[in-house]
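Beneath this line is the structure, given in structure tokens, with notes to follow.
The values are calculated or read from the model by the stated rules, or taken from the named source; none is laboratory data. These numbers come from a predicted model, not from an experiment. Neighbour counts run over all protein chains shown; Cβ positions are idealised from the backbone, glycine included. Accessible surface is based on the protein model in full, side chains and every heavy atom, while ligands, DNA and RNA are left aside. Shrake-Rupley method; radii C 1.70, N 1.55, O 1.52, S 1.80 Å.
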Amino acid sequence: AFDVLVVGAGPAGAAAAIYAARKGIRTGIVADRFGGQVLDTMAIENFISIPHTEGPKVAAALEQHVREYEVDIMNLQKAESLALRGDLVEIGLAGGARLRSKTVILATGARWRQMNVPGEDTYRNKGVAYCPHCDGPLFKGKRVAVIGGGNSGVEAAIDLAGVVSHVTLIEFDKALRADDVLQRKLRSLKNVDIITSARTTEVTGDGQKVNGLVYEDRRSSDKHTLALEGVFVQIGLLPNTEWLKDAVALSPRGEIIVDVHGQTSVPGVFAAGDCTTVPYKQIVIAVGEGAKASLSAFDHLIRSTPA
Ligand code: FAD
């Protein structure tokens with residue numbers, strides 16, 4: 001059995017594996033896709049101490065760093081179940097294999113919900129963005145739309161209004177769903193327009209980058225075009241935790257509930273990064289949380305394993 005088995009190999013999982021292996025304990029890491037969301041990112045400018053880099057480079061560096069240590073890497077493997085077997089935690093993989101470990105660190109990340117309209121995929125990272133903290137400054141002085149009028153969409157619009165020249169917030173429903181205090185703040189901003197009852201039907205571009213967006217007015221069915229350079233999609237972040245719903249306590253949003261040590265509701269099972277209730281989904285935060293969960297797992301081992 002492993003001492004520490006990490007599920008997921010994004011920034012959080014890689015950090016957890018490195019911290020565990022550096023303790024000289026038996027460490028494994030199983031992942032669907034080594035690198036995680038970072039693989040889908042282009043410019044990264046907020047990974048502190050590295051002013052500018054690119055997602056695929058960070059993903060390769062994460063893997064290279066893990067490979068410096070004795071870590072059993074099981075890539076392209078999907079975990080499907082978690083169960084307690086005596087003192088051990090058992091992770092079942094999609095192929096039928098079972099892995100046992102004294103402690104497990106869940107770091108399965110999350111995915112942004114997509115609009116699934118023409119142009120969204122074509123122009124991802126070429127004007128279509130999901131993270132205002134990450135990509136807002138890339139649109140300095142430009143025009144953007146934010147799709148989604150819940151808390152995250154309205155927060156994004158307020159944030160972006162301070163950086164870009166103009167923000168159009170587009171909400172599918174008749175009214176925004178964000179907290180009143182956020183809506184008041186949004187409405188006080190001069191460079192923001194709000195459009196409700198609008199269904200985004202297409203992101204347009206010139207072949208290289210985004211140049212506009214088409215939406216349908218749901219009351220009249222008329223189509224309208226907005227000229228802009230960026231589209232921030234803020235219609236939900238889905239944690240990759242569906243397979244854990246009967247195994248560990250999840251929040252109403254499906255995030256794994258963790259305490260300040262990264263401990264879940266199951267003793268010996270820890271979690272870190274975007275799949276947890278820890279606020280703000282960012283690489284630096286995921287890395288720190290992964291390190292923390294790993295130190296917590298080590299602490300758990302030295303308290304529970306006889307010498
Ligand atoms: P993830 O990176 O999501 O990794 C999850 C890992 O778990 C992956 O290896 C995945 O394959 C694996 N996994 C999932 N389910 C299973 C399963 N059932 N079995 C086995 N393995 C599984 N953040 C920034 O700080 N700066 C940026 O500039 C930035 N830009 C971004 C741009 C885009 C387009 C996106 C999508 C995100 C961006 N982010 C950025 C956010 C950042 O990528 C995430 O916060 C970070 O990757 C979270 O790390 P994580 O390890 O928690 O999860």
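The table below gives the values:
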item	result
Thr200, sole failed condition from (1) outside any strand (DSSP E or B); (2) surrounded by 21 or more Cβ atoms within 10 Å (Cβ to Cβ)	(1)
The stretch 13-50, subset within 8 Å of the ligand (Cβ to nearest atom) and part of a loop (DSSP other than H, G, I, E, B), residue least open to solvent (accessible area, probe 1.4 Å)	Gly35
Residues (touching a residue at least 40 places away in the same chain (Cβ under 8 Å) and either among the polar types (S, T, N, Q) or open to solvent by 80 Å² or more (accessible area, probe 1.4 Å) (or both)) located in the stretch 73-86	Asn75, Leu76, Gln77, Lys78, Glu80, Ser81, Leu84
Condition met for Ser304 (at pLDDT 95 or above and either out of contact with any helix residue (DSSP H, G or I) (no Cβ under 8 Å at 6 or more places or on another chain) or open to solvent by 50 Å² or more (accessible area, probe 1.4 Å) (or both))	no
Hey, Asp299 surrounded by fewer than 24 Cβ atoms within 10 Å (Cβ to Cβ) and charged (D, E, K, R) or not	yes
Restricting the stretch 218-239 to residues that are in a strand (DSSP E or B) and open to solvent by less than 30 Å² (accessible area, probe 1.4 Å), the residue that is nearest to Lys142 (Cα to Cα)	Gly230
Members of the stretch 105-145 found to be touching a helix residue (DSSP H, G or I) at 6+ places or on another chain (Cβ under 8 Å), hydrophobic (A, V, I, L, M, F, W, C) and closer than 30 Å to Thr27 by Cα, listed by number	Ile105, Leu106, Ala107, Ala110
Positions within the stretch 212-265 being free of Cβ contacts under 8 Å to residues at least 40 places away in the same chain and of a type in the set (A, V, I, L, M, F, W, C), in sequence order	Val214, Ala249, Leu250, Ile257, Val258, Val260
Residue ranges of helices (runs of 4 or more DSSP H) in the stretch 97-188 with at least 3 members modelled with pLDDT of 95 or more and surrounded by fewer than 16 Cβ atoms within 10 Å (Cβ to Cβ)	180-187
